[in-house]
1. Asn242 versus (1) at pLDDT below 65; (2) open to solvent by 30 Å² or more (accessible area, probe 1.4 Å): which is the lone unmet condition?
2. With the structure loaded, tell me whether Gln80 is open to solvent by 70 Å² or more (accessible area, probe 1.4 Å), outside any loop (DSSP other than H, G, I, E, B) and modelled with pLDDT under 70 or whether it fails that test.
3. Every residue in segment 199-239 that is among the β-branched types (Val, Ile, Thr), at pLDDT below 95 and open to solvent by less than 70 Å² (accessible area, probe 1.4 Å), please.
4. Is segment 116-128 home to any residue that is modelled with pLDDT of 95 or more, surrounded by 13 or more Cβ atoms within 10 Å (Cβ to Cβ) and within 24 Å of Ser214 (Cβ to Cβ)?
5. Mind counting the residues in segment 51-64 that are closer than 9 Å to Ala134 by Cβ, surrounded by 15 or more Cβ atoms within 10 Å (Cβ to Cβ) and not hydrophobic (A, V, I, L, M, F, W, C)?
6. Identify the single condition in (1) more than 27 Å from Thr26 (Cα to Cα); (2) touching a strand residue (DSSP E or B) at 6+ places or on another chain (Cβ under 7 Å); (3) of a type outside the set (A, V, I, L, M, F, W, C) that Thr129 does not satisfy, given that it satisfies every other one.
7. Can you tell me which of (1) among the small types (Gly, Ala, Ser); (2) modelled with pLDDT under 80; (3) surrounded by 12 or more Cβ atoms within 10 Å (Cβ to Cβ) is the one Gly93 doesn't meet?
8. Return the pair list, or none, for Cβ contacts closer than 7 Å from residues in segment 133-145 that are without any contact (Cβ under 8 Å) to a residue 12 or more places away in the chain to residues that are open to solvent by 30 Å² or more (accessible area, probe 1.4 Å) and not in a loop (DSSP other than H, G, I, E, B), at least 6 apart or on different chains.
Amino acid sequence: MKIKNLLMVGCAALLLASCATPKNITYFPDTENGEVFTVNAIKGITLKPGDKLSIIVHTKSIELNNVLNMPVTSQVIGYQETQSLYQSQGTSGYTIDAEGNIDFPLIGMVKAEGLTRTELAASLKRILTEKQVAIDAVVTVEYMNLGYAVLGEVRNPGYFKFTTDKCDLLQAISRAGDLLITGERYNVKVVRTIGDKQETYVINMQDHKAMVASPGYYIQQNDVIYVEPNKFKKRQSTANANQFANPSFWLSAISVLTTIAVLVFK
């Protein structure tokens, strides 16, 4: 009877363990109401060589607008003149060269690397005024190819373009549909390319203070966010690997052992 009692106690313990609430699937469980954390201060996404930008300049002169805005053009078959498509199809983009500059109409090379799009717009307006090209210009700079990738255990992995000047890790993951239940929360990786090197930041989303202090918290262009699968998901790559982690398996095993013990020691 002692063996039977021990088996019954083991079965009860297994049931209680299987009903326990997992603690490794929530975000920042250590955060309390009203708690304040210091976030790394950044001025926004800074431009790099290879970034492509849409730059629109508005002045009182229609002719000057057409020159400054680099209208998209096409050669119509059968005609000798090139047709301007500025009004219907927008403008072509400016790609920052290896030296960090863009070649802007009427004013030449302008430094763009290291600036935010707001700073670049202000710089262009200042140069247009100083060179007396346009004293009433309104300059708007928009991203064309800037974005980041989200891979791994998220609902909608893919490449996402920036829509704001600042995008943090939480916003990036939310755009990918949030983490799946099989995604690890404590070692989300942000892989960042800096020149000819790559840096990887491992972020624990269950530690709010450490997360917002990480250099990888604010996402930059071309970052890759990778959410690693948990152990259960990894074991699915091997046939029957999760069988021993299933409580029902052990319940069945204990039931069989209990029956054998009763028959033997009856």
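The values are calculated or read from the model by the stated rules, or taken from the named source; none is laboratory data. Since the structure is predicted, the reported quantities are computational estimates derived from the model, not experimental observations. Cβ: placed from backbone, ideal geometry, glycine included. Neighbour counts: every protein chain shown. These accessible areas exclude ligands, DNA and RNA; they are computed on the full protein's heavy atoms, side chains included. Shrake-Rupley method; radii C 1.70, N 1.55, O 1.52, S 1.80 Å.
1. Asn242 satisfies all of (1) at pLDDT below 65; (2) open to solvent by 30 Å² or more (accessible area, probe 1.4 Å) except (2).
2. no
3. Val212
4. Yes, there is a match, as at least one residue in segment 116-128 is modelled with pLDDT of 95 or more, surrounded by 13 or more Cβ atoms within 10 Å (Cβ to Cβ) and within 24 Å of Ser214 (Cβ to Cβ).
5. Kept after step one, since they are closer than 9 Å to Ala134 by Cβ, are these residues of segment 51-64: 57, 59-61, 64.
Okay, now just the ones that are also surrounded by 15 or more Cβ atoms within 10 Å (Cβ to Cβ), so 57, 59, 64.
Narrowing further to those that are not hydrophobic (A, V, I, L, M, F, W, C): 59.
Of the residues in that region, 1 qualify.
6. The number of the failed condition is (2).
7. Every condition holds for Gly93 apart from (2).
8. Hits for this filter: Ile135/Thr129.
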